[in-house]
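Below: the structure, in structure tokens.
Only the coordinates and a few stated rules stand behind these numbers; no lab work does. Everything numeric here is computed off the predicted structure, so don't read it as measured data. Cβ sites come from the backbone with ideal geometry, for glycine too, and all protein chains shown count toward neighbours.
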Amino acid sequence: MRMGVFIGDVSGRRTTVAELVANARAAEAAGFATGWVPHIPYSLDALTAMAVAAGVTSRIELGTAVVPTFPRHPLSMAQDALSVQAVAGGRFTLGIGPSHPSVIEGMYGLSYARPAAHTAAYVEALRACFAATPSANIVRVDGEFYRFASMLEVPGGADVPILVAALAPRMLELTGRLADGTITFWADERAVGDHVVPAITGAAAAAGRPAPRVVVGLPVAVVADVDAARSRAARLFKAYEAIPTYQRILGRGDSADPVDTAIIGDERTVARRVRRMAELGATDFLAAPLGLDDDSDGSRRATMELLASL
């Protein structure tokens, strides 16, 4: 199982360009296999951030976790992704997802109709875009959701792996059938082992596709005072309780409480739970490191050091 870490913050803190550069360099120097950025309204554009991170690293794989699909036409997304891939020299993976009604309808003012069907069409359109070559650089898509014909050629661009944020059964099925893997968040050990891995690997096998990547994302904190850390985490995770998608995946786990699902504890507890994900079929672990002790910087640093050692 490859170990990865968010290099853009997901806990509410704002990540500046300087911090992104420092985080990318630190993750590569620490030996992490992957570094990821979210796409959230109070931080940097994810694809722009990837280009910046690619320019200051040389080995680490870089990925988005995840870019919402509804606001971006797949042709535009593909050109952006191919451009990042040209900077990254083949180290970039595009993580996408339909996001949530509160984001697409509430923030963007767009329709969130038929998200699974939309996502399937989006992945197919991206595949067509990534298949364009200098000798045949006209992309044609003629489907229910997207119809377009356009030239597309990015110097230095190369095919981009596609991961989809998939938690529900239908999303996992279409991801296994069409994409290269999934990125989950708030799926604990039971949800990963009993639901996510069997659903996506079964769909990929049925479609004759290679075994998919399963990137399991969770908040992680090495702490000295577990009770105090859990109390801080409860306040931090409050917003997730209002998102039905996350409530459903939490309901497939051992607890519907995000605090229980997050990996919070001493070094031994954290290491045991992370290693368990590999046993259950996760190909990648994606940590959102948090500082939940009184010494938040010390807690975050201890978390990063333990994860790097794994």
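A few points about this structure:
- For region 140-186, the fraction of alpha-carbon pairs in successive 10 Å shells from zero, as %: 22, 32, 37, 10
- 5 angstrom amide H check on Leu62, placed H, neighbours 5+ away: Gly35, Phe92, Thr93
- Reduced Cα scattering model of the chain, Debye log10 I(q)/I(0), q = 0.07, 0.12, 0.13, 0.14 Å⁻¹: -0.25, -0.78, -0.92, -1.08
- Residue ranges 145-157, 185-197 sort as 185-197, 145-157 when ordered by packing (mean number of other C-beta atoms within 10 Å per residue, highest first).
- Around Arg170: net Lys/Arg minus Asp/Glu count, Cβ-Cβ under 14 Å: +2
- Between Met151 and Glu19, residue separation times 0.36 nm minus the direct Cα-Cα distance comes to 43.9 nm.
- Note on region 182-276: Rg/Rh from Cα positions, Kirkwood definition for Rh, rounded to two decimals, is 1.03.
- Computed over neighbours whose Cβ is under 14 Å from that of Tyr240, the net charge equals -1, Lys and Arg +1, Asp and Glu -1.
- For the chain, DSSP calls about 15 percent of its internal beta bridges antiparallel.
- Cα centroids of region 198-223 and region 1-38: 21 Å apart.
- Largest-first principal axis extents of the Cα set of region 166-226 (Å): 48, 17, 14
- Over region 88-190, the pair-distance histogram of Cα-Cα distances with 5 Å bins from zero comes to 2, 11, 18, 19, 21, 15, 9, 3, 1, 0 percent, rounded to whole numbers.
- Net charge of neighbours whose Cβ lies under 15 Å from the Cβ of Glu153, counting Lys and Arg as +1 and Asp and Glu as -1: -1
- Residue among Ile104, Thr119, Pro71 farthest towards the positive dipole end of region 55-141, charges placed on Cβ: Thr119
- The 3J(HN,Hα) values that the Karplus relation (6.51, -1.76, 1.60; θ = phi - 60°) gives for region 143-158 are, in residue order, x, 5, 8, 9, 9, 7, 9, 8, 6, 8, 8, 10, x, x, x, 9 Hz. Gly and Pro appear as x.
- CD proxy at 222 nm, helix term only [per DSSP H run n ≥ 4: -39500 (n - 2.57); per residue of the chain; nearest 500]: -12500 deg cm²/dmol
- Dimensionless Rg/Rh of region 51-125 - Kirkwood Rh, Rg from C-alpha atoms: 1.04
- Net charge dipole size for region 56-171 [Lys, Arg +1 and Asp, Glu -1 on Cβ; Debye, nearest 20]: 120
- Largest first and in whole Å, the equivalent-ellipsoid semi-axes of region 255-310 read 19, 15, 9, each the square root of five times a Cα gyration tensor eigenvalue.
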